[in-house]
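Beneath this line is the structure, given in C-alpha cells, with notes to follow.
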Amino acid sequence: MKRGIAILLSLTVLVTVGYFTISKWAIRHETLTFYDASRNNRPVQVDVAVRRDKEMQANAGMITLPVAILNHGNTVKHTEYSFLANAFAARGYLAISPQHDLPTDPPMVTKVGELYVGRQPQYLRGVANIRFAVGEMQKVQPNADYDHLTVVGHSAGADISMYFAKLHPDMVKKVVTLDNLRVPFITDGNVKILSFRSRDPVFKADPGVVPSDEICARAGIKVVRTEFQHNELSDRGPDRVKASIQATVQAFLDEDEGAPAIPLLTAAAPLPTAAPDRVVATTAPKN
C-alpha cells in the first residue's frame, strides 16, 4: 500500500514538474530595443511573448499571428504584466509590451482643468511608441496581423490604450483596460471593449470616463466590477486577482469563437453571492 502511494506521489510530482516545464518553454520571451530616429533616436524597448509552435508556423507562412499590445501603468515597468502577456501568447497571439517612459522623461503631473488633467502629452507619447513599435515589429515578424490590434493597458497604460483606439480606430479590434481613469470610453464604431474597474478609495475614474448603463448596453461594452485595488492589477497583485482577470479576458476572447457573451448587469441588479476574488460584469462600476 505504502509503495503504491509513493509511486502515485512520484507520478504527481513528475506531472507537475512536466506541466511547469512545458509552460516555461512553450512561450518565448524576448526583449528588443528599437531607436526612433524621428524622436532623436528615442529608445523604445519592447518585451515580446509568443508561443514557439505558433511562431514557427508563422515563420513558415502557414498562419498569421493576431497581435496584442500591452501598455504599462505609471511607475510600473513594461515587463510587469507577464500574467497577461503569457495569457495572450498561450492563445497564439504575438504579445508586444512597449516601455513608454524613460528616466529622462518629465514626471507625470496632474493639472486639474486641462484635458485629461494635463496628461495628454504622456498619452500622445505612448501612442507614438505603439505606432513605432508596430512598425519595427513588422520587420521582425511580418506574418502577424498589425491591422486589427488588441490593445490592453493598466492605469495610465489603459488610458493610452483607449486614446490609441480613439485616434486609430481602423487599427484596433479590441480594447481591454484595467482601470483607465482619464480617457473616456469609445462608444461608437466597431471596437469591442472590456474594462475592469477596481474598488479603490484613492483611484477613481474622472466624471464621464465610464459610460452610463444605457450607453454600455447599446454599445456592447463589457465593464467588470471587482473588489480589487488599483495597484493589484499587475504582476504585483495576488495570484487570485491575476487568475480572475485572466479568466474574464479568456471569456472575452472566446466570444469571437462562438462562446456565450459575457453577461451584462445593470447597476441596480443585485450581485450574486461570490468569494472576494470573483468578478461580476456590470455596466455601472464604482471604483
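Throughout, read-outs are computed from the coordinates displayed, never taken from laboratory work. Given the structure is predicted, the values throughout are model-derived calculations rather than measurements. Cβ sites come from the backbone with ideal geometry, for glycine too, and all protein chains shown count toward neighbours.
Observations on the structure shown:
- The trypsin sites (Lys or Arg not before Pro) of the stretch 31-112 meeting both criteria, a DSSP state outside H, G, I, E and B (loop) and at most 14 other C-beta atoms within 10 angstrom of the site's C-beta, are Lys111.
- Spin-label pair Val117/Asn40, simplified geometry with 7 Å Cα→Cβ offset, distance in nm: 2.8
- Normalised by 2.2 N^0.38 Å, where N counts its residues, the alpha-carbon radius of gyration of the stretch 75-114 equals 1.64.
- Distance between modelled label sites at Glu214 and Val140, nm, 7 Å Cα→Cβ extension: 4.7
- Checking the cross-link pairs Lys54/Lys174; Lys77/Lys204; Lys111/Lys222; Lys77/Lys242 against a 28 Å limit on the alpha carbon distance flags Lys111/Lys222 as lying beyond it.
- Dipole magnitude (debye, nearest 20) for the stretch 119-268, charges at Cβ of Lys, Arg, Asp, Glu: 400
- Translational diffusion coefficient (Stokes-Einstein; Kirkwood radius from C-alpha pairs) of the stretch 130-265 at 37 °C, 0.692 mPa s, in µm²/s: 210
- Cα gyration tensor category, rounded, prolate or oblate, for the stretch 198-266 with a/c compared to 1.5: oblate
- Counting charges near Lys222 (Lys, Arg +1; Asp, Glu -1) among other residues having Cβ under 12 Å from its Cβ returns a value of +3.
- Of the GluC sites (Glu not before Pro) found in the stretch 55-159, those in coil by DSSP whose Cβ has at most 15 other Cβ atoms within 10 Å are Glu114.
- Residues of the stretch 124-154 with amide N under 11 Å of the 7 Å Cα→Cβ point at Asp256: 145-151
- Computed from label points 7 Å out along Cα-Cβ, the spacing between Thr104 and Arg236 is 2.6 nm.
- Amide H within-cut-off set for Leu149, under 5 Å, with H built and near neighbours excluded: Val172, Lys173
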